[in-house]
Amino acid sequence: MLRVLLALTAALAVMPWSGVVSAKAEAKAKATEIEFWHAMGGARGAEIEALVARFNDAHKDVRVVAAYKGPYDVVERALFAAYRAKRTPHLVQIFEVGTADMIAARDLVKPMWRVMAGAGLPLDDDAFVPAVAAYFSDSKGRLLALPFNTSTPVLYFNKDAFRKARLDPEHAPKTWYEMPKTLGALRDAGTKCMLTTTWPSWVLLENMGAWHNQPFATEDNGLGGTDARLNFNTRLMVRWVSMLASWYKSGYFTWSGRRDEAEARFAAGECALLTASSSSYAELRRAARFDFGVAQLPYYDDFSEAPQNTLIGGAGLWAINGKSRAEYKAMAKFVAYLAQPEVQAQWHQTTGYVPITKAAYALTEKNGFYVSNPGHQVAVRQLLLRNPTRESKGIRLGHFLQIRSIIDEELEAVWADRKTPLDALNAAVARGNTLLEDFERANAPAGKPVRRAQAK
């Protein structure tokens, strides 16, 4: 009898547990799995993982699987390789430089507005920050991709270095004309590196043009078609690069590299001023052992249209073509979740990226976050300063990554005194337009002639 009772007890103990396991396994089997490729490593990658985990916990019918595929350029190459092999993910994070490539690959992409409308979860285009949404939208204002991690360049300054130089530690120069006096005072106080920058093409040329409402390329900076041609060799840019060249020779400006090498020099206290992405704020706050501030990007105050608004950097989430109806519905749920004000506000506050919606910005402001973290607000104010114009909506060009490399190379020729600013800018435009002609030739409708850019 004892043996029978023990057997019955064991059976009763196992039955409820096995039922729970079976129910969980069944629910998991019913969940639609979405493969999401991204380019965020380190702390930002951890934030993505946490974001995805929160979504998965709240949506039992969808399971998003996030996979880090390497830096931005690696992710884009991996996507096109997967497309050729017919093994694409569902969602992929592509940096803004690759936007024109994604649009040109018509069979690869399903516009985000179609994904959302098909699932009955349309996004309100007017809810997004205009300078952010415009870049990822078509000519009718419909989102082609969801803006995800977006930023804009700002000016960081070492308040301790300012105090040592007897400068006001609460105010950085507002204009480029005010900057030499500040740089001279810092040098006299013993600073070895006064001003440096990250991502030179993006910060020094692309955003310089938009900030002063000046064109970078024809056809609305490329947003209007694949026949765009570079035309940034203007009076503004010649003046600007000439000023930088004089600062370089005098030691006021330091060239630190083509990417984000300058961030480490600023965080170490070596450089006193840094123009860099607003998304660097959180990392600099963790790494710097000194008091620093964040200020609006300086401008030339003798340009009547400046300041206009700065451009975004970062990436958007693209939906890939050829998936099932159930998969698109699952994607739409994830995208709708990401666009929620509470989710966006938290993402903004923990990463330093700007909120993509006005509601997320308002929520962050209402909660008092900017009172204790004023640096986070500078970037948003720059983007919201004025409604974007044809010159400041964004720059969408084919072979953009290669064009940026050309610009950096020509700037380096100026610093080395091998070329004048005008010659370098003319060369950058001519070389870049050769790439744009190739891009148009590959993507223009059949029978449409490719327009050759006129030398300037």
> Looking at VAL343, VAL335, which one is at pLDDT 95 or above, in contact with a Phe, Trp or Tyr (Cβ under 7 Å, 6 or more places away or on another chain) and not aromatic (Phe, Trp, Tyr)?
Replying inline: VAL343
> ARG396 passes all but one of (1) part of a helix (DSSP H, G or I); (2) surrounded by 21 or more Cβ atoms within 10 Å (Cβ to Cβ); (3) under 22 Å from the mean Cα position of the chain (by Cα); which number fails?
Replying inline: (1)
>> Could you tell me how many of the residues in the stretch 135-161 are surrounded by 20 or more Cβ atoms within 10 Å (Cβ to Cβ) and either within 29 Å of LEU183 (Cβ to Cβ) or not aromatic (Phe, Trp, Tyr) (or both)?
In response: 17
>> Taking the condition of being in contact with a strand residue (DSSP E or B) (Cβ under 8 Å, 6 or more places away or on another chain) and either of a type in the set (Gly, Ala, Ser) or assigned to a loop (DSSP other than H, G, I, E, B) (or both), how many residues in the stretch 121-164 meet it?
In response: 10
>> What are the pairs with Cβ atoms under 8 angstrom where one residue, in the stretch 203-231, is free of Cβ contacts under 8 Å to residues at least 12 places away in the same chain and more than 21 Å from SER277 (Cβ to Cβ) and the other, located anywhere, is surrounded by fewer than 24 Cβ atoms within 10 Å (Cβ to Cβ) and of a type in the set (Gly, Ala, Ser)? Sequence gap at least six, or different chains.
In response: GLU219/GLY225
>> Going residue by residue through the stretch 54-67, is there one that turns out to be of a type in the set (Asp, Glu) and surrounded by 14 or more Cβ atoms within 10 Å (Cβ to Cβ)?
In response: no
> Which of (1) under 27 Å from VAL343 (Cα atoms); (2) among the aliphatic types (A, V, I, L, M); (3) over 19 Å from the mean Cα position of the chain (by Cα) does ALA134 not meet, given it meets every other one?
Replying inline: (3)
> Does TYR337 satisfy being buried (at least 21 other Cβ atoms within 10 Å of the Cβ) and in the same structural domain as GLY45 (by TED's automatic domain parsing)?
Replying inline: no
>> Contact list please: Cβ distance under 6 Å, first residue in the stretch 92-115 and within 19 Å of ALA444 (Cα to Cα), second residue part of a helix (DSSP H, G or I), pairs at least six apart or on different chains.
In response: GLY98/GLU76; ALA104/ASN443; LEU108/TYR83; VAL109/MET102
> Is one or more of the residues making up the stretch 182-202 more than 26 Å from PRO421 (Cβ to Cβ), without any contact (Cβ under 8 Å) to a residue 40 or more places away in the chain and part of a loop (DSSP other than H, G, I, E, B)?
Replying inline: yes
>> Return the residues of the stretch 334-370 that are without any contact (Cβ under 8 Å) to a residue 12 or more places away in the chain and within 19 Å of LEU155 (Cα to Cα); say none if nothing qualifies.
In response: TYR370
> Tell me, which strands (runs of 3 or more DSSP E) wholly within the stretch 223-327 include 3 or more residues that are on the phi < 0 side of the Ramachandran plot and not assigned by TED's automatic domain parsing to the domain that holds VAL92?
Replying inline: 271-277, 292-295
>> Tell me yes or no: at least one residue of the stretch 399-414 is over 30 Å from ARG77 (Cβ atoms) and in contact (Cβ under 8 Å) with a residue 24 or more places away in the chain.
In response: yes
> Which one of these is surrounded by 17 or more Cβ atoms within 10 Å (Cβ to Cβ), farther than 30 Å from GLY225 by Cβ and modelled with pLDDT of 95 or more: ILE34, ILE94?
Replying inline: ILE34
> LYS329 fails exactly one of the following numbered conditions: (1) at pLDDT 95 or above; (2) closer than 18 Å to ASN149 by Cα. What is the number of that condition?
Replying inline: (2)
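The values are calculated or read from the model by the stated rules, or taken from the named source; none is laboratory data. Just so we're clear, the structure is a prediction, and the values are computed from it rather than from any experiment. Here the Cβ is made from the backbone with ideal geometry for all residues, glycine too, and neighbour counts use every protein chain on show.
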